[in-house]
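Before any comments, here is the structure.
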Amino acid sequence: MGKRIPAALAFLIVAGLSASPLGAGQASAHTTVASAQPTYNEALERRPSSVALTFTSDIQTDATTATVVVQDEDDRDWADGTVLVTATGVEQALDPALPDGRYQVRWSVVSADGAPLDGSYRFTVGNVPPESNPLDVPLTEGRSDWFRAVAYVLVGTLLSATAYALWATYRRRPSV
């Protein structure tokens, strides 16, 4: 039994170290937001006529699969009409009476491969100070790569620590 522990330890270490390069290639193929107008946390002097999102790859163009809601702090939706859906983006017209204030855009679409996508972000109109919430940061493709790398390092460290603890525990056992 003593020879099985080093083999299991080696397997866990190799699996933990190889997870990073294997997972990174697969995840980068997912559709993400390429650009947004207004941009994330943008402070606009005048009200925009619409909100538009462009994606990194095709989405389903059926208007029933896409929604864009633009709410103020009182939860009033300022979207005007139906959302315009193209192969790579959505655009939602806004009510011309949109006043100065803080707004949250909440959107959902379905990628061409059938995966549901959704997200939200904020912007301000007029002389309103933008919120300074550090957690209100969109997870863009560049940030998701960084986040994924940190997650792989943490998981690899956890697997290595677990493997070492198992190895140290079984190493101390006296042979019978």
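The values are calculated or read from the model by the stated rules, or taken from the named source; none is laboratory data. Just so you know, these numbers come straight off a predicted model, no measurement behind them. When we count neighbours, we look across all protein chains shown, and the Cβ atoms used for this are built from the backbone with ideal geometry, even at glycine. Quick note on the areas: whole protein, heavy atoms, side chains included, nothing else; ligands and nucleic acids left out. Shrake-Rupley method; radii C 1.70, N 1.55, O 1.52, S 1.80 Å.
Exactly one of these conditions fails for Ala93: (1) open to solvent by less than 30 Å² (accessible area, probe 1.4 Å); (2) not in a loop (DSSP other than H, G, I, E, B). Give me its number.
So the condition that Ala93 fails would be (1).
Open to solvent by 60 Å² or more (accessible area, probe 1.4 Å), in a loop (DSSP other than H, G, I, E, B) and touching a Pro at 6+ places or on another chain (Cβ under 9 Å): which single residue out of Arg47, Arg122 fits that description?
Result of the check over Arg47, Arg122: Arg47.
Within region 73-115, count every residue that is touching a helix residue (DSSP H, G or I) at 6+ places or on another chain (Cβ under 7 Å) and either more than 15 Å from Leu53 (Cα to Cα) or of a type in the set (A, V, I, L, M) (or both).
First pass over region 73-115, keeping only residues touching a helix residue (DSSP H, G or I) at 6+ places or on another chain (Cβ under 7 Å): 82-83, 85, 109-110.
Still in the list and also either more than 15 Å from Leu53 (Cα to Cα) or of a type in the set (A, V, I, L, M) (or both): 83, 85, 109-110.
Total meeting the criteria: 4.
How many residues, within region 129-176, are open to solvent by 100 Å² or more (accessible area, probe 1.4 Å), modelled with pLDDT of 75 or more and of a type in the set (Gly, Ala, Ser)?
Residues meeting the conditions: 0.
Is one or more of the residues making up region 54-64 at pLDDT below 95, under 16 Å from Val128 (Cβ atoms) and not small (Gly, Ala, Ser)?
So far as region 54-64 goes, no, none of its residues is at pLDDT below 95, under 16 Å from Val128 (Cβ atoms) and not small (Gly, Ala, Ser).
Sort out which residues of region 96-105 are small (Gly, Ala, Ser) and either open to solvent by less than 60 Å² (accessible area, probe 1.4 Å) or in a strand (DSSP E or B) (or both), and write them in order of number.
The answer is Gly101, and nothing else.
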